[in-house]
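Peer 1: Handing you this structure, nothing more for now.
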């Protein structure tokens, strides 16, 4: 027998992090890269950031999620998971779109690191000027 579970899929992005989210009907358990949410994101700030879409739609105990996230740092990955969860919730329940849109969770954050320019030390930082 093959156990086929129906899920809702969405992709979230932030900086260089990409999260692939599968949203199941369940008990609120979130697994990120085969680890529980609290183990993968040990800080409370990142955990709260990830759970924001579920809290706003009051579906914390209604859905479970498995997430595969790659690239970026911890903060970027947390933002990517949040974006992916918000988009997956819309696929599961289109009526929650207005709440998530109003909170700004559906918009991909376009801010990324600026590239280094030639002749400069960093993107905008130049060498110190000496007059004499």
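Laboratory data are not the source of any read-out in this text; all were calculated from the coordinates shown. Just so we're clear, the structure is a prediction, and the values are computed from it rather than from any experiment. Positions of Cβ are generated from backbone atoms using ideal geometry, with glycine treated the same way; all protein chains shown enter the neighbour counts.
Peer 1: Do you know which residues across the stretch 47-73 are under 12 Å from the mean Cα position of the chain (by Cα) and farther than 15 Å from residue 105 by Cβ?
Peer 2: 47, 67, 68, 69, 70, 71, 72, 73
Peer 1: Mind checking whether some residue in the stretch 100-114 is farther than 25 Å from residue 17 by Cα and either outside any helix (DSSP H, G or I) or in contact (Cβ under 8 Å) with a residue 60 or more places away in the chain (or both)?
Peer 2: So far as the stretch 100-114 goes, no, none of its residues is farther than 25 Å from residue 17 by Cα and either outside any helix (DSSP H, G or I) or in contact (Cβ under 8 Å) with a residue 60 or more places away in the chain (or both).
Peer 1: What residue, of 43, 130, 57, is farther than 18 Å from residue 13 by Cα and crowded, with 19+ Cβ neighbours inside 10 Å?
Peer 2: One residue alone meets the criteria, 57.
Peer 1: A further question follows. Restricting the search to the stretch 31-63, which residues are in a strand (DSSP E or B) and free of Cβ contacts under 8 Å to residues at least 40 places away in the same chain?
Peer 2: 31, 35, 36
Peer 1: Right, next: Output the number of residues of the stretch 73-108 satisfying the condition of being surrounded by 13 or more Cβ atoms within 10 Å (Cβ to Cβ) and closer than 14 Å to residue 49 by Cα.
Peer 2: 17
Peer 1: Please verify whether residue 120 is surrounded by fewer than 17 Cβ atoms within 10 Å (Cβ to Cβ) and under 24 Å from residue 29 (Cα atoms), treating the condition exactly as stated.
Peer 2: no
Peer 1: A follow-up question, please. How many residues are at positive phi and out of contact with any strand residue (DSSP E or B) (no Cβ under 9 Å at 6 or more places or on another chain) when one looks only at the stretch 31-69?
Peer 2: The qualifying residues number 1.
Peer 1: I need the full set of residues from the stretch 9-30 which are touching a strand residue (DSSP E or B) at 6+ places or on another chain (Cβ under 7 Å) and not in a strand (DSSP E or B), in order please.
Peer 2: Scanning the stretch 9-30 gives 26, 27, 28, 29.
Peer 1: Looking for whichever is touching a residue at least 60 places away in the same chain (Cβ under 8 Å) and either assigned to a loop (DSSP other than H, G, I, E, B) or in contact with a strand residue (DSSP E or B) (Cβ under 7 Å, 6 or more places away or on another chain) (or both) here; the options are 128, 77. Which one fits?
Peer 2: Only one candidate qualifies: 77.
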